[in-house]
Amino acid sequence: MSSLGLTSNPMLGSIHGDVLNANPATEDERNRLIEELKRRGKSTVISRSFPESELLYGKAIDVMAESDVKSGADPASKKSQDLAILYSNRSLARYHLGKLEESESDARRATILNPVYSKAFWRCGQALGALQRHADALEVYEGGVLAAKNAGASTKAFQKEMEKCQQKIEEEQKLLETTTASAKVDGATPPKTAPARSTADPIPESKATNTVKSTSEKKKNEAGATKDSSSNKLFTKSDHVRGYKIVNGKKTSYFHNELSEDAKKLIGDIAPKKLERVDVEEEKKNNSSDDKTSVWNTAGTWEERDTSPWAKETLTQALLSAEYSLPLSSPQPG
C-alpha cells in the first residue's frame, strides 16, 4: 500500500479503525455496528475529539442508510428518526471543526428526516448564524419553535436566539442604509474648491512653519493656566494632579509640611547650622585631663578604650577585703 493511500484515507491509522473499516453482511451485524459507532461517537464528542466524531457518525450514517435501502424502511419510521439524530450529531462535530456549510447541510437534512426534532433546528440555526445568514437562521429558529411546541418542550432558547437574529438583521439594515446614503452624498456634484494637493507634493516652508506654530499655540491654550491669588506665578491646571501646592507664595510639593508654632516650640531650633573649624591642638590643651579620652569626647560619652589595669586593681581589692564565716555544721566552724 502506498504512502499516499495512508494519508488520503482518514480511517486508516485511527484507533477506531476496526469499526470504521467494518463491512457488515447481515441486518443484525449492521445494527450492532451502528450501536457501537453511536457509543464511540458520543464518547468522542464528550472528549471533544471532533475529527473522530465526524468519522464515526459519518460511518453510522452510511451503514444505516444502506440498511434502510435494503429493508425498504418507511421515511417516517424509527430508523428515519435515528438517522436524523446521526445527521444532527455529525452537524455538531462539523460545526466545531469550522465546517459551517457542511454542518448546516447535515442539520437541515435532519429536520427533513424528522420535522419535530427541535435539536436539529437549533444546530441548523447555529451554523447559519456563524455564516452571518441571520435571516435564514431566524426562519429556521421559527421552525424550531413549532417543533419544540409539538414535542412539548420549552421554546425559551429559540425565542432568545430569534431576538438576537432580529437585532442582527436590524443592524445590517441600518448599516446598509448608512452606506447607501454615503454613496449618494459621494455621488453628488461637489462644490468648487481648490485642487487637492498630492501627498507627494512638498508643503511650502512658510506654510509648514505657520502650521507648526499654530499647532503649538493651540496645545498651549488647551492646557490652560490660572494665576494664584497669593502669587503672580502661573499654576497650570495639571499641577494639582501632579501634587503641587502653593505655600507662602511658593509652589512646592504636596508633601511639604509647614510646622505650626506649637510644633516649633516643642521640637526646638532644628535649622541647619554652619560648623566652625576647630583647632585640634588648642582643643587638646583646653580638655587636658587624666581620663585619657579623645579630643572630640568633651561630653564624656562612652568610647572604646583599655580598662584592664583598672579592672585588675579593683578585682584584687575586692577579693582581699572579702570575708566569709563557715556554718556551725562545718568541720571547722567560725
Enumeration of residues in the range 130-146 that are part of a helix (DSSP H, G or I), of a type in the set (A, V, I, L, M, F, W, C) and either within 37 Å of the chain's Cα centre (by Cα) or modelled with pLDDT under 90 (or both): A130, A135, A137, L138, V140
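Matching residues to (1) more than 11 Å from V63 (Cβ to Cβ); (2) in contact with a Ser or Thr (Cβ under 8 Å, 6 or more places away or on another chain); (3) at pLDDT 90 or above:
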position: S2; (1), (2), (3): yes, no, no
position: L12; (1), (2), (3): yes, no, no
position: P24; (1), (2), (3): no, no, no
position: R32; (1), (2), (3): no, no, yes
position: L37; (1), (2), (3): no, no, yes
position: R40; (1), (2), (3): yes, no, yes
position: T44; (1), (2), (3): yes, yes, yes
Matching option when the condition is without any contact (Cβ under 8 Å) to a residue 60 or more places away in the chain and either surrounded by fewer than 23 Cβ atoms within 10 Å (Cβ to Cβ) or of a type in the set (F, W, Y) (or both), among A137, A60, A130, A93: A130
Selection status of K78, open to solvent by 80 Å² or more (accessible area, probe 1.4 Å), in contact with a helix residue (DSSP H, G or I) (Cβ under 7 Å, 6 or more places away or on another chain) and closer than 20 Å to K42 by Cα: no
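The values are calculated or read from the model by the stated rules, or taken from the named source; none is laboratory data. All values reported here derive from a predicted model rather than from experimental measurement. Every residue, glycine among them, receives a Cβ derived from its backbone with ideal geometry; neighbour counts consider all protein chains shown. Heavy atoms of the whole protein, side chains included, go into the accessibility calculation; ligands, DNA and RNA do not. Shrake-Rupley method; radii C 1.70, N 1.55, O 1.52, S 1.80 Å.
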